Amino acid sequence: MEFFKDIPVIKYEGACSTNPLSFKHYDAEKEIGGKKMKDHLKFALSYWHTMCGDGKDMFGVGTMDKSFGGADEMEVYKNKVYAAFEIMDKLGIEYFCFHDRDIAPEGKTLGECNANLDVIVPIIKECMAKYNKKLLWGTANCFNHPRYVHGASTSCNADVFAYAAGQIKKAIDITIELGGTGYVFWGGREGYETLLNTDMALEQDNMARLMHMAVDYGRSKGFTGDFYVEPKPKEPTKHQYDFDAATVIGFLKKYGLDKDFKLNIEANHATLAGHTFQHELCVARINGAFGSIDANQGDMLLGWDTDQFPTNVYETALCMLEVIKAGGFTNGGLNFDAKARRASQTGEDIFHSYIAGMDAFALGLKIAYKIIEDGTVDKFVADRYSSYKTGIGAEIVNGTATLESLAEYALKMGDVDVKSSGRQEYLENVINSIMFRGL
Ligand code: XLS
Ligand code: CA
Ligand code: CA
């Protein structure tokens, strides 16, 4: 069964190609910095947006048919699997990510949900072997069903905590069964609307309790991949506990979870938190918590999570610069947590969306390497802090300086010369000239 008959296998045709159904920059096998582009970028399809998201919004019903010709509910979910692998195959995407409820329908009880998963997971496994595709990460959707109205592990109701635990146990089982290298916690409704009805201390302790249980269980079943927390400041709750990278790192350290958990950084969530994408990636990297990425972009004129396919090449370049500095992906990758706009409603739009995102990241990767090879920016930063290499600066860094020794030094010093320029505009110009050299 072919679902996208008019769409060919998408090939790399080079920057001068005018064929919209081709890659202009993403050349999977091409080596850059000693590694194939596909191994640098590790693209993943997000099952929820691509296979389930039908364009419904607050003001209108769906505009896209995501039933893939299925006659009944289970057939719809089976066809989603076949269609997903056709999309990945045609685009040359090697990985995918899912929530439990994306791949199989919700049942009336946890047992029914699990039984539905037991029908679909073997089909996914077969397709993975047939098409040579891998699971980047799995997760549990503990936010959609009305039972999660007060949160999952942060619910005021202990039965809901227990249900979420049962759901997460099964999602971990599936992730392991499919060879996933990551398991994500995104705190769907783990936050609050008002402190007038909220015991924040208990909620956060409970959130950590469930994460510890997940780690203990996963490790006991042989899961060697990474657990991730995905920061997001707001939406659906007013104040999500996993606000941003720095908040999550503090949380993980407080509860002794930092050895097993890394971060899954999403571009749109970074900007919602009032940070740049690069800032969030840098915070993760310098704290040894860089794990995986949800590649998308928001709209700066809108205050919510628009999950658009990334096309802003400045952003992808600065992102890939951080990825390279972090040593590249190990268990993680670039998951397109992105959806075509509601009016981009045809099957063909799925392909244009992914091509746009993949080419934007391929360009980002090439530019990031050019920035590193050029060396101007790195040298500027190193020179800017050179006073810490020798003399009193070296004593501060190596820990031999004390408040008294610095006071003695300062008393003898006279005034300090801080007139050296930060040269921001010069550096921005350097980036532009690297990006557009030859035009
Ligand atoms: C929602 C999140 C979600 C996570 C996975 O905003 O991005 O999709 O990535 O639960
Ligand atoms: Ca996400
Ligand atoms: Ca999002």
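The values are calculated or read from the model by the stated rules, or taken from the named source; none is laboratory data. Everything numeric here is computed off the predicted structure, so don't read it as measured data. Here the Cβ positions follow ideal geometry from the backbone for every residue, glycine too, while neighbour counts run over all protein chains shown. Surface accessibility is based on the protein's heavy atoms, side chains included, excluding ligands, DNA and RNA. Shrake-Rupley method; radii C 1.70, N 1.55, O 1.52, S 1.80 Å.
Just to be sure before I move on: is THR390 open to solvent by less than 90 Å² (accessible area, probe 1.4 Å) and β-branched (Val, Ile, Thr) in the structure I sent? It is false that THR390 is open to solvent by less than 90 Å² (accessible area, probe 1.4 Å) and β-branched (Val, Ile, Thr).
Which one is nearest to MET213 (Cα to Cα) among residues in segment 126-165 that are away from ligand 1 (no atom under 12 Å from the Cβ) and of a type in the set (S, T, N, Q)? Across segment 126-165, the extreme among qualifying residues is SER153.
Quick check: is even one residue across segment 427-437 among the acidic types (Asp, Glu) and over 14 Å from ALA317 (Cβ atoms)? Checked against the condition, which is being among the acidic types (Asp, Glu) and over 14 Å from ALA317 (Cβ atoms), segment 427-437 yields no hits at all. Among all positions in segment 311-321, there is at least one residue which is more than 16 Å from ligand 3 (Cβ to nearest atom), within 15 Å of PHE277 (Cα to Cα) and aromatic (Phe, Trp, Tyr). Say we look at segment 284-298 and pick out the residues that are within 14 Å of ligand 1 (Cβ to nearest atom) and not in a loop (DSSP other than H, G, I, E, B); which of these is farthest from ILE249 (Cα to Cα)? Among residues in segment 284-298 that are within 14 Å of ligand 1 (Cβ to nearest atom) and not in a loop (DSSP other than H, G, I, E, B), the one farthest from ILE249 (Cα to Cα) is GLN297.
Would you check if LEU301 is part of a loop (DSSP other than H, G, I, E, B), more than 30 Å from THR224 (Cα to Cα) and away from ligand 2 (no atom under 16 Å from the Cβ)?
Values: part of a loop (DSSP other than H, G, I, E, B): yes; more than 30 Å from THR224 (Cα to Cα): yes; away from ligand 2 (no atom under 16 Å from the Cβ): yes.
Yes: the conditions hold for LEU301.
Which condition number in (1) surrounded by 13 or more Cβ atoms within 10 Å (Cβ to Cβ); (2) more than 25 Å from the chain's Cα centre (by Cα) is the one that GLU2 fails? That leaves (1) as the condition not met.
Could you pull out the residue among THR224, THR194, THR247, THR175 that is more than 16 Å from ligand 2 (Cβ to nearest atom), open to solvent by 10 Å² or more (accessible area, probe 1.4 Å) and either charged (D, E, K, R) or under 19 Å from THR139 (Cβ atoms) (or both)? It would help to see each step written out before you state the result.
Numbers: THR194 fails: either charged (D, E, K, R) or under 19 Å from THR139 (Cβ atoms) (or both); THR247 fails: either charged (D, E, K, R) or under 19 Å from THR139 (Cβ atoms) (or both); THR175 fails: open to solvent by 10 Å² or more (accessible area, probe 1.4 Å).
After ruling out the rest, the residue left standing is THR224.
Yes/no per residue for (1) open to solvent by less than 10 Å² (accessible area, probe 1.4 Å); (2) modelled with pLDDT of 95 or more; (3) among the hydroxyl-bearing types (Ser, Thr, Tyr); (4) farther than 21 Å from TYR148 by Cβ:
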site	(1), (2), (3), (4)
TYR228	yes, yes, yes, no
PRO233	yes, yes, no, no
LYS238	no, yes, no, no
LYS254	no, yes, no, yes
GLY291	yes, yes, no, yes
